[in-house]
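The next block holds one structure in the form of structure tokens; read it before the comments.
The values are calculated or read from the model by the stated rules, or taken from the named source; none is laboratory data. Computed from a predicted structure; not experimentally measured. Cβ sites come from the backbone with ideal geometry, for glycine too, and all protein chains shown count toward neighbours. Calculation scope for accessible area: heavy atoms of the full protein, side chains included, ligands and nucleic acids excluded. Shrake-Rupley method; radii C 1.70, N 1.55, O 1.52, S 1.80 Å.
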Amino acid sequence: MYSYKAKKFSVTFAVLYCIAISGEAFASPKSYLERSNINERIEYAISLNSIASTLMNWYGSLLTTNNLQAGNRNFNNTNIRFSSKNHSREEHRSTYPEQITGIQITNADLKKQDLPGQYQFEVEVLITFMQSKKYQTKVINEVFLFQISDSSRPEIRKITRLSSKPENDTTDSNPASAFQHEYYKSREIAYAWLAYMDGANSMGSQINIDHWLDSANYSVKIGSFELDERLVYSLQKRNQHLGKGGHLLRSVTANKIEGKPNHFELDLIIDWKGTTSDGKPSLAKINQLIQYKLQDDGSLMVLAINEKHLLPDMEPWQKLLC
Amino acid sequence: MLKKMQILSLASLLAVVTMTHAEELPILSGVGGNFTAIDTDGQEIEFTSFKDKVVLLSFGYTNCADICPFTLGYLKMIYSKLSPEEQQHVRVLFSTVDPEYDTPEHLKAFLAYFNKDFIGLTGSQEQVDKIASLFHAEYQAISAPKSVETKHVRRINEKEVESGKSDKTTLFNHSIMIYLIDQQGRTRSVDYTGTPGDELISKIRQLINEQA
């Protein structure tokens with residue numbers, strides 16, 4: 001169905017509804033894993049991850065501050081880039097309900113456009129909001145037009161509302177309580193980090209990387225190849241060992257670290273496909289545990305990353321024991 | 001004569017086309033690595049000593065009544081279909097998950113039942129655990145330690161024990177994977193006895209023919 005030689009490509013995240021509920025990430029589409037050209041794969045991975053991070057930042061920023069937990073007061077300090085002063089964050093924000101208490105992405109479809117670096121992300125979201133002291137819901141379909149510059153930092157060219165359908169039911173409890181700031185913040189961080197690892201240096205500012213690149217510890221275990229150094233050194237050695245390729249997030253779980261306010265741990269499962277330094281195709285299933293602190297100003301401080309490579313999922317029988 | 005040459009040329013061309021289209025096996029990042037073990041000659045070896053050989057590695061134990069004989073029978077069949085020259089480039093390794101019972105001598109006698117070229121790996125529990133961990137292989141005891149008399153186990157070969165003493169073992173379950181490892185020690189494929197023989201042989205030949 002998909003051919004990268006064609007200028008347009010489409011990746012349908014048909015399972016995103018289930019994904020959003022279960023804590024999974026945007027799926028690694030089969031077409032990505034089958035893509036043979038390494039540079040195309042890297043471009044695709046960077047585009048998807050940097051756009052997904054921006055989208056998570058955007059939806060996280062729409063949630064009302066009333067839901068914020070102590071210490072996470074500045075989640076809404078979005079640094080999303082809009083391409084035109086005529087299309088400001090405030091203008092777009094005004095098209096959504098005011099008191100949003102939960103946002104659930106139920107479908108998404110990324111399409112590359114004819115113009116270089118231009119992507120369209122069609123998204124369906126279920127928005128829960130307070131009105132007349134009752135929780136109400138609304139299904140919104142909208143299209144984000146993204147432009148990725150040479151530095152791979154996406155900016156939103158346009159947001160077009162396709163439809164907005166209020167649902168009739170109202171409730172006293174929040175039906176989207178799982179889809180709040182922490183949910184979006186964790187995914188914003190995860191996608192930006194993956195884009196950064198693949199070479200999108202500009203995505204580093206999204207995750208405040210200058211503040212922790214030189215201080216966080218990064219331990220890596222790839223078979224008998226092991227590293228345990230400051231992130232800035234480990235990352236370089238790890239990427240040299242691994243070779244060229246693209247990371248795609250398969251699942252993400254965010255957990256609070258007990259006894260430490262505003263400390264969290266992201267548990268990521270990542271698919272990587274690329275080539276080694278001698279040009280051989282290579283596959284990895286990566287587990288990363290990222291420990292971080294959200295500081296009072298809302299900025300991110302990563303403390304440690306632990307990475308280990310697992311057995312890639314290839315055959316249904318490989319986990320069998322006899 | 002000319003017709004024979006034409007047929008041979010066509011066959012060679014087809015072989016080249018087929019090889020060109022054979023998909024290169026990917027390196028499975030983080031699966032495998034260097035380790036030490038005791039081989040069936042009682043020598044401590046490093047896995048790096050198999051550099052420049054294509055390796056087929058599986059896990060099991062000599063008192064396994066189920067999958068191990070089946071896996072080793074399958075590997076015997078695969079190995080026998082390789083030419084003597086190809087066999088020179090291939091090593092079949094069997095790493096025990098029960099190093100306490102599987103001494104080098106016993107492991108050697110067990111493997112010789114299948115093929116005398118097959119090499120067993122044993123060692124300390126720590127060494128065996130490390131090999132399993134590097135390859136993400138799993139195993140666990142399914143009986144109390146040394147609680148099952150081996151006379152009740154359907155075995156390939158009996159272990160020599162002092163007369164008058166009963167021979168007892170632990171039963172395990174374990175991963176069934178066969179790891180195909182290239183000449184640089186990198187895992188390139190994970191297979192099992194359900195992999196069609198021709199398919200695994202084709203993969204082995206691909207790795208034999210790779211430039212070291």
### Message
Kindly evaluate B:S124 against the criterion of being under 25 Å from B:V31 (Cα atoms) and within 14 Å of chain A (Cβ to nearest Cβ).
### Response
no
### Task
Sort through A:I286, A:I290, A:I305 and tell me the only one that's β-branched (V, I, T), open to solvent by less than 10 Å² (accessible area, probe 1.4 Å) and facing another protein chain (nearest Cβ under 10 Å).
A:I286
### Message
Being at pLDDT below 95 and within 14 Å of chain A (Cβ to nearest Cβ) is the requirement here; does B:Q206 meet it?
### Response
no
### Summary
If we keep only residues of the stretch B:176-200 that are hydroxyl-bearing (S, T, Y) and in contact with a helix residue (DSSP H, G or I) (Cβ under 8 Å, 6 or more places away or on another chain), then the residue least open to solvent (accessible area, probe 1.4 Å) is B:S189
### Query
Could you list, in sequence order, the residues of the stretch B:31-71 that are away from chain A (no Cβ under 11 Å), closer than 24 Å to B:Y113 by Cα, out of contact with any Ser or Thr (no Cβ under 6 Å at 6 or more places or on another chain) and part of a loop (DSSP other than H, G, I, E, B)?
B:T40, B:D41, B:G42, B:Q43, B:K53, B:T62
### Message
Quick test of your reading of the structure: A:D271 fulfils all but one of (1) under 23 Å from the mean Cα position of the chain (by Cα); (2) surrounded by fewer than 19 Cβ atoms within 10 Å (Cβ to Cβ); (3) within 14 Å of another protein chain (Cβ to nearest Cβ). Name the failing condition by number.
### Response
(2)
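Of a type in the set (V, I, T) and open to solvent by 40 Å² or more (accessible area, probe 1.4 Å), is that true of B:I78?
no
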### Task
Inspect all residues belonging to the stretch A:225-244 and state whether any of them is more than 14 Å from every other protein chain (Cβ to nearest Cβ), among the acidic types (D, E) and within 25 Å of B:G30 (Cα to Cα).
yes
### Task
Identify the single condition in (1) within 16 Å of B:F70 (Cα to Cα); (2) open to solvent by less than 70 Å² (accessible area, probe 1.4 Å) that B:A144 does not satisfy, given that it satisfies every other one.
(1)
